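Below is one structure; the comments refer to it alone.
The numbers here are math on the coordinates, done by the rules we state, and not lab data. Keep in mind that this is a model prediction, so the values were computed, not measured. Every residue, glycine among them, receives a Cβ derived from its backbone with ideal geometry; neighbour counts consider all protein chains shown.
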């Protein structure tokens, strides 16, 4: 399972239309195997285990060595799997990652860190995020390090916004929670269906959005003001709403990958990547809401 956030990760859907790491069938006997599963194939996480021989069977199976008997009686019950990702694993890792973000943000807020420190923390967080995105395996140290530096940046930028638009950060937090709950409810009720077409559309829209924001930033840096005006007035409101919608789409893709990871028996450490992807999406939504609220307040 890989983070689906296209900003920091190259991982997500495969070209064949399935998710990276999950172009696979469910465990043998699972319902997806008989319901036209679009991810059908060979499950990379499946482990073929030979059934233990019956020591009471008549014939060659009754002459088992003591070592074979010990191995048979020490085997886990049929159907039991160890080291597989569960929803509890995802919730716990996500709580740790988001908790680190919140604690670091609170420290930056209370310490009144300067803007320069916040920008430096943002750059470090970006580097750590990119390193993790291109790693083949999850690294809890990198993910928690990203969360800590991202939290410092969010604490600094939130304080800047709060000084000019009092209460804007709290409004953005409440808005982010509302988007999370809304997307989760829509996903669980299948109002949002994540498939290859959905992913291609979101990825194309995200690339266009990021390129436009980069151009706007360049015009603002060299020409002054708000550049092309994508962050102020009516045009700024429109692009702010688009940014929030894209963040919501990232969340839906993350929910799908978590669901697939649990269903197809991904290794337990993959829950760190789920936490990483969810944190990226929530940070994206918070920042877009923060900018959108500031425009409305003006």
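Before moving on, here are some points about what is shown:
- Modelled label positions at residue 130 and residue 190, each set 7 Å beyond Cα in the direction of Cβ, lie 4.2 nm from each other.
- Our analysis of the stretch 87-297 gives Rg over Rh at 0.96, with the two radii drawn from alpha carbon positions and Rh computed by the Kirkwood formula.
- Protection proxy ranking for 274-287, 154-167, using the average of other Cβ atoms within 10 Å per residue and placing the highest first: 274-287, 154-167.
- Normalised by 2.2 N^0.38 Å, where N counts its residues, the alpha-carbon radius of gyration of the stretch 231-298 equals 1.41.
- At full extension, residue 211 and residue 87 could sit 41.1 nm farther apart than now, given 0.36 nm per residue minus the alpha carbon distance.
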